[in-house]
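Just so it is clear, none of the values below were taken in a lab; they were calculated from the coordinates. Since we're looking at a predicted model, the values are computed, not measured. Positions of Cβ are generated from backbone atoms using ideal geometry, with glycine treated the same way; all protein chains shown enter the neighbour counts.
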Amino acid sequence: MESEFGANTACAITLNTRLTPEQREKFQNTKLIRQILGTAEIIAIVGLSTEPTKASNMVASYLQDEGYRIIPVNPRATEILGEECYPDLRAIPFPVDVVDIFRPANEIPDIVQDAIDIGAKSVWMQLRLVDISSAEKAMAAGLNVVVDKCIKMEHGRFGGMLHWAGMNTEVLSARRRR
């Protein structure tokens, strides 16, 4: 069955977002995502759970395995995945490259303001987290912004790992990215 997305509608990545086409271009830009993932070294994960079966913990564990330094931000923990845990972004005593958000949407404005205040380079709102006004504010402050995307899935998408599972990543290449 043909649709506006083409013959293979079930595999269209854009079906999984609530953003408009203009917002997708601005906040889900492929080149920007690749740049963030290729240059980031330290990722603060706000809302990182101590529970290994939670999405935030699985994402953090994956990112650690891929060579990123994960900084847990959770006021109810002292250590997660072998890293010292901080109660909030302002308590982190060194610069972070990416602030990855795993908190409810109503908490995003304060987290984004903290990310701006600490001089983070990027803000990443995980899947189903959308706060366009906070995203615009972060962009206006000079931060890179990704909205409604999973950092783990995007890393796997551009690193070639999702192809192994047979997923359509909309990335065409016979070569593996270095």
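Estimated at 0.36 nm per residue, the fully extended path between GLU25 and THR78 surpasses their Cα-Cα distance by 15.3 nm.
Put the Cα centre of region 63-112 next to the Cα centre of region 25-45 and the gap is 16 Å. Close amide H contacts of TYR86 (hydrogens built in the peptide plane, cut-off under 5 Å, sequence separation of 5 or more or a different chain): VAL73, ASN74. Full extension of the chain between THR53 and ARG18 yields a length gain of 10.0 nm, computed as 0.36 nm times the residue separation minus the alpha carbon distance. Ordered by the count of other Cβ atoms within 10 Å of each Cβ, fewest first, THR50, THR20 give THR20, THR50.
Residues ARG157, ARG90, ARG103 in ascending order of nearby Cβ atoms (within 10 Å, fewest first): ARG90, ARG103, ARG157. Stretching PHE94 away from SER133 to a fully extended chain increases their span by 11.3 nm, per 0.36 nm per residue minus the current alpha-carbon distance.
For region 43-58, the Karplus equation 6.51 cos²θ - 1.76 cosθ + 1.60, evaluated at θ = phi - 60°, returns couplings of 10, 8, 10, 7, x, 5, 7, 7, 7, x, 8, 7, 4, 4, 6, 5 Hz by residue, with Gly and Pro reported as x.
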